[in-house]
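Engineer: Below is one structure. I have some questions about it.
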Amino acid sequence: MNSLTRVFLAAALLVACHHPLAPWEEIDLSKAVRVEPSLQYIVWWNELEACSGLSGNVNAVAFYVIPNDSTIQVGSESYWGYWIKDGNKIVLASAWTNNEKLVKHEEMHALLQSALHPPAYFNGTCGDLTYPNEG
Ligand SMILES: [Zn+2]
């Protein structure tokens, strides 16, 4: 990602993930590409299991990447990543696919099977997985 993109993203009012009130149907997956979880994603998942005490099957999560994009539009909101309960999907904007904090944030949703952000899991033993502008 170039520095211009970084500046734009830092300045924009973005949130990282699924907002409980945003209907999942609004997310446009027509450009999304299904990907197998990389070894890195599996390592991060295993780290989250170890620090949270939760357990889950990373292979049960359907990972999608939206190519050539730094945000995911859901209705009028922009996101870097998004977890969808229906189908247990993690959708990542391509600019963020290697961002540990972002991917772990979405993986934590999948481990919890919840769109909520309990502090014990998002800012506890697994470190700070929170994002600004999240309610
Ligand atoms: Zn979240």
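The values are calculated or read from the model by the stated rules, or taken from the named source; none is laboratory data. Model, not experiment: these values are computed from the prediction. Backbone-built Cβ (ideal geometry, glycine too); neighbour counts: all protein chains shown. Note: accessible area is taken over every heavy atom of the protein model, side chains too, but ligands, DNA and RNA are not part of it. Shrake-Rupley method; radii C 1.70, N 1.55, O 1.52, S 1.80 Å.
Engineer: Can you tell me which residue is most open to solvent (accessible area, probe 1.4 Å) among those in the range 81-102 that are within 12 Å of the ligand (Cβ to nearest atom) and assigned to a helix (DSSP H, G or I)?
Structural biologist: This residue is Lys101.
Engineer: Going through Leu111, Leu21 one at a time, which residue ends up being at pLDDT 95 or above, within 16 Å of the ligand (Cβ to nearest atom), more than 16 Å from Tyr131 (Cβ to Cβ) and of a type outside the set (Lys, Arg)?
Structural biologist: Exactly one of Leu111, Leu21 is at pLDDT 95 or above, within 16 Å of the ligand (Cβ to nearest atom), more than 16 Å from Tyr131 (Cβ to Cβ) and of a type outside the set (Lys, Arg), namely Leu111.
Engineer: Inside the range 31-53, can you point out the residues that are of a type in the set (A, V, I, L, M, F, W, C), in contact with a helix residue (DSSP H, G or I) (Cβ under 9 Å, 6 or more places away or on another chain) and open to solvent by less than 40 Å² (accessible area, probe 1.4 Å)?
Structural biologist: Once the filter is applied, which keeps residues that are of a type in the set (A, V, I, L, M, F, W, C), in contact with a helix residue (DSSP H, G or I) (Cβ under 9 Å, 6 or more places away or on another chain) and open to solvent by less than 40 Å² (accessible area, probe 1.4 Å), the range 31-53 yields Trp44, Trp45, Leu48.
Engineer: Looking at Thr125, is it under 16 Å from Ile42 (Cα atoms) and away from the ligand (no atom under 11 Å from the Cβ)?
Structural biologist: Criteria not met by Thr125.
Engineer: So, in the range 24-51, how many residues would count as being modelled with pLDDT of 85 or more and assigned to a helix (DSSP H, G or I)?
Structural biologist: 13
Engineer: Can I ask one more? Counting only residues that are among the hydrophobic types (A, V, I, L, M, F, W, C) and open to solvent by less than 40 Å² (accessible area, probe 1.4 Å), which one in the range 59-75 is farthest from Val103 (Cα to Cα)?
Structural biologist: Val74
Engineer: Go through (1) touching a strand residue (DSSP E or B) at 6+ places or on another chain (Cβ under 8 Å); (2) part of a loop (DSSP other than H, G, I, E, B); (3) open to solvent by less than 50 Å² (accessible area, probe 1.4 Å) and name the single condition Gly56 misses.
Structural biologist: (1)
Engineer: From the set of residues in the range 103-135 that are part of a strand (DSSP E or B) and open to solvent by less than 40 Å² (accessible area, probe 1.4 Å), which is farthest from Val33 (Cα to Cα)?
Structural biologist: So the residue we want is Gly124.
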